[in-house]
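Everything below concerns the one structure shown next.
The values are calculated or read from the model by the stated rules, or taken from the named source; none is laboratory data. Given the structure is predicted, the values throughout are model-derived calculations rather than measurements. Cβ atoms come from the backbone with ideal geometry, glycine included; neighbour counts cover every protein chain shown. Just the protein is used for accessible areas: all its heavy atoms, side chains included, with ligands, DNA and RNA removed. Shrake-Rupley method; radii C 1.70, N 1.55, O 1.52, S 1.80 Å.
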Amino acid sequence: MNMPSATTNPAHHILQSVFGYEAFRQQQQAIVDHLITGGDALVLMSTGSGKSLCYQIPSIVRHGVGIVVSPLIALMQDQVEALHQNGVRAAFLNSTLSFDEVREVEGALHRNELDLLYVAPERLMMARTLDLVERIPVSLFAIDEAHCVSQWGHDFRPEYVQLSVLHQRFPHIPRIALTATADSATRREIIERLDLTGAQQFISGFDRPNIRYRISENRGNAREQLLRFIRNEHPGDAGIVYCLSRKRVEQVATWLTSKGLTALPYHAGLSAPVRQQHQERFLREEGVIIIATIAFGMGIDKPDVRFVAHLNLPKSLEAYYQETGRAGRDGQPANAWMVYGLQDVITLKQMQASSDAPEAIKRIERHKLDAMLGLCELTTCRRQALLRYFGEEQAKSCGNCDTCLEPPETWDATTAAQKALSCVHRTGQRFGVSYLVDVLLGKEDERISRFGHDKLSTYGIGSEHKQSEWRDLYRQLIARGLLAVDLEGHGGLHLTEQSRPILRGEQLLHLRKLTRKARAKTRERKANRFGDPGNSKLWQALRDRRQQLADEQGVPAYMIFHDATLAEMVENRPQTLAQLSNISGVGERKLADYGEAFSEVLNEYRDVEESTQTDTEEETLQLFRTGMHTDAIAARRGLKTTTIYNHLAKGIECGEVSLNEVVRLQQPQLDAIRFAIEQFGGGKRLKPVFDALEGEFPYEVLRCVRSDMTR
Ligand code: ADP
Ligand code: ZN
């Protein structure tokens with residue numbers, strides 16, 4: 001156990017005993033200490049780096065309740081639930097509560113029974129709430145997502161501006177404002193509008209080191225590339241796939257579903273209940289993939305999204321960074337994967353050229369798209385370039401992006417580019433890529449001869465490269481601004497000022513080579529996270545147990561334990577509860593609530609490995625067939641009765657034992673359970689079924705009946 005020693009300070013003790021973490025990260029300690037001693041703070045830390053603890057721990061340590069202002073009502077319940085799981089006394093106040101529920105929370109506040117209270121800004125600003133706050137001890141105010149005060153940002157919330165009242169009315173209560181939005185203009189606005197001039201600033205980097213950035217060419221089969229990526233590297237993982245249009249979203253979702261994945265569409269054309277349901281399943285079930293237009297993501301705080309994939313090019317690096325940022329919030333390895341191709345470049349360029357926005361705005365948009373394209377065509381570290389764009393210099397290349405892991409080969413493309421550009425020039429600067437490539441390759445074609453382009457000097461001068469290589473070259477020329485796309489939307493290309501030095505031979509051009517062979521190497525992070533198949537079995541067993549516990553409580557699996565915690569269990573194989581308590585993420589409350597359940601899986605697993613792999617389910621079934629009662633089998637095997645029922649449920653599913661051998665039920669009871677499962681048991685969760693039956697039947701029984709139904 002994590003025993004408090006006389007020397008540990010209270011914050012550190014809470015970090016270990018409540019949250020189960022060994023040490024503070026980066027600046028956490030300094031921030032926590034600063035608040036505990038009554039100081040104000042402005043905290044800028046990247047997503048997933050652990051901002052929440054910065055105010056949660058001081059709230060617990062200091063006298064009174066910590067009031068957390070958060071704009072995302074949908075998340076409050078989850079945040080509070082996560083705290084409850086750790087045994088922290090927390091509640092929220094927002095418009096989703098009934099009057100009675102509000103009264104109950106207020107009562108708890110008066111009795112000083114809460115460490116943390118989450119409120120929406122508009123609720124806090126109500127006279128009733130402010131009066132209440134005046135009458136109770138308050139440990140601190142935390143203003144989360146503080147960039148919402150910025151009028152120029154995407155997430156502006158007018159109510160946030162009023163939060164400066166807090167300082168005027170409660171000058172002695174420390175305040176902490178937190179954001180992951182980096183730029184200095186926003187920072188200045190936060191300080192000014194929230195009256196935080198005297199606050200100490202804690203600014204740490206913007207980087208998300210656990211995200212691996214990867215961008216590759218769309219080889220005309222983006223869907224297949226995506227499927228291969230998911231199957232090879234993310235089987236059973238949660239992820240988000242972004243597409244540009246609703247139609248494409250639907251197509252990709254249907255297609256992935258037909259390949260056996262759980263892929264749900266999400267876009268503005270779906271009804272609100274359907275969207276809500278898909279989002280809910282994404283949060284609660286494991287391994288759900290959301291296929292979405294860019295509309296999906298705001299207010300999604302799922303920590304274990306293992307990959308974000310783009311089947312289209314985002315319009316800017318800001319959008320790319322925000323969307324990919326939804327991966328790996330738990331700090332575990334995650335992939336930001338994208339394919340893009342010639343058509344993407346042309347479509348976006350055209351959309352932009354034909355927009356009727358004022359010229360000044362168009363210029364900014366052009367600049368942003370060019371920066372995005374620049375990232376795609378880069379031959380050096382992607383992370384360095386991304387961070388540089390956001391004003392952060394990183395001295396070394398990162399070692400965790402595709403260009404670092406497999407440096408792309410480059411080639412001297414000057415001569416080829418001259419041919420490609422002069423072909424544009426000689427055909428009159430109005431044809432698209434396909435036509436131009438046909439001319440370069442000397443194809444016999446009715447249109448080409450009609451226009452007399454088979455007489456041109458560029459006709460047939462490109463036979464040293466394949467069609468795909470020429471298309472690739474044209475994409476890169478457009479991406480680099482050496483060619484521009486026409487306004488009429490036919491994809492016709494014309495030369496730009498920048499192409500002149502190349503045509504005149506005054507400048508060399510080095511480009512990325514299309515890499516086909518090198519792909520094989522990317523598969524380092526293989527199907528399972530653990531090289532050893534035994535480990536990945538244990539990993540799966542731990543995940544199954546986690547899902548089961550989550551289902552019973554109707555909470556998302558990550559509330560029980562994060563992936564990182566389970567991964568550490570696989571690695572360290574704790575054998576006792578004391579050893580389990582040393583795993584990061586296992587605090588006292590979770591140890592008490594779940595320690596046994598997970599120990600059991602770990603021990604069962606060790607036994608299985610030792611006993612030359614006798615199948616643990618088979619052993620239960622054999623004992624059962626001899627007529628032993630479930631409790632007796634549990635006692636004999638040193639397992640919990642629930643586990644024995646799980647084995648039997650699997651036996652029922654494969655038809656090895658029958659339902660009525662395992663559970664005794666009257667026909668009406670059985671009918672009632674079946675009916676409830678049909679009505680409420682759509683997903684994996686049994687909690688709704690359990691509730692619908694008013695808790696009359698234990699989960700073991702429900703699970704067995706369900707197994708019987710799925711036979
Ligand atoms: P943010 O709000 O900055 O996006 P969170 O507060 O949600 O990040 O924390 C991200 C993850 O890191 C959570 O799973 C959290 O429990 C974990 N975490 C935070 N601090 C620590 C720490 N000191 N040691 C281990 N894990 C931590
Ligand atoms: Zn890199």
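The figures follow:
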quantity	calculated
Rg over Rh [alpha-carbon atoms, Kirkwood Rh] for the stretch 10-203	0.93
Extension reserve of the SER95-ARG231 stretch, reckoned as 0.36 nm per residue once the Cα distance is removed	44.8 nm
Positive-end residue, the chain charge dipole about Cα centroid, Cβ charges, pick of LEU44, LEU373, HIS310	LEU373
Structure-based [θ]222 nm, the chain - -39500 (n - 2.57) summed over DSSP H runs of at least 4, per residue, nearest 500	-14000 deg cm²/dmol
Modelled FRET efficiency - R0 56 Å, MET628 with ALA353, Cβ distances, 0.05 increments	0.15
Share of carbon and sulfur in the accessible heavy-atom surface of the chain [1.4 Å probe, %]	49
Alpha carbon centroid spacing (whole Å) that separates the stretch 613-654 from the stretch 389-410	53
Potential extension, GLN667-GLN579 segment - 0.36 nm per residue separation minus Cα distance	27.0 nm
Relative contact order of the chain, defined on C-alpha pairs under 8 angstrom at six or more residues apart (%)	12
Rg/Rh (Cα only; Kirkwood hydrodynamic radius) as it applies to the stretch 116-220	1.11
Reference-scaled alpha-carbon Rg (2.2 N^0.38 Å with N residues) for the chain	1.11
Separation of the GLN151 and THR257 label points, Cα + 7 Å toward Cβ, nm	4.6
Angle in degrees between helix 414-426 and the longest Cα principal axis of the chain, rounded to the nearest 10	70
P(r) histogram, all alpha-carbon pairs of the stretch 172-282 included - 5 Å bins from 0, percent	2, 8, 14, 15, 11, 10, 11, 11, 9, 6, 3, 1, 0
Approximate spin-label separation SER204-GLU596, in nm, with each point projected 7 Å along Cα-to-Cβ	3.8
Cα long-axis angle, helix 184-193 against the chain (0 to 90 degrees, to the nearest 10)	50
Share antiparallel - DSSP beta bridges, the chain, percent rounded to 5	10
Members of LYS368/LYS419; LYS368/LYS396; LYS419/LYS466; LYS419/LYS443; LYS259/LYS687 lying beyond 21 Å, as alpha-carbon distances in this model show	LYS368/LYS419; LYS368/LYS396; LYS259/LYS687
Spacing of the two label points (7 Å from each Cα toward its C-beta) at TRP411 and ARG426, in nm	2.1
Cα-based Rg of the stretch 564-711 normalised by 2.2 N^0.38 Å, two decimals	1.16
Loop-located trypsin sites (Lys or Arg not before Pro) in the stretch 325-405, at most 11 other Cβ atoms within 10 Å (DSSP)	LYS396
Additional length obtainable on full extension of the chain from HIS110 to ALA30, 0.36 nm per residue less Cα span	25.7 nm
Mean-position separation - Cα centroids, the stretch 264-327 and the stretch 481-511, in angstrom	36
Average accessible surface area per residue within the chain, 1.4 Å rolling probe, Å²	45
Separation between Cα centres of the stretch 538-594 and the stretch 695-711, rounded to whole Å	24
Alpha-carbon Rg/Rh ratio, for the stretch 332-415, with Rh computed the Kirkwood way	1.03
Relative counts (whole %) of C-alpha pair distances in the stretch 296-435, using bins that are 10 Å wide	10, 30, 36, 19, 6, 1
DSSP-assigned coil residues among trypsin sites (Lys or Arg not before Pro) in the stretch 591-664, each with at most 16 further Cβ atoms within 10 Å	LYS640, ARG664
Principal-axis tilt of helix 52-61 within the chain, Cα atoms, nearest 10 degrees	30
FRET efficiency, 1/(1 + (r/R0)^6) with R0 25 Å, evaluated for ALA185 and ILE361 via beta carbons	0.90
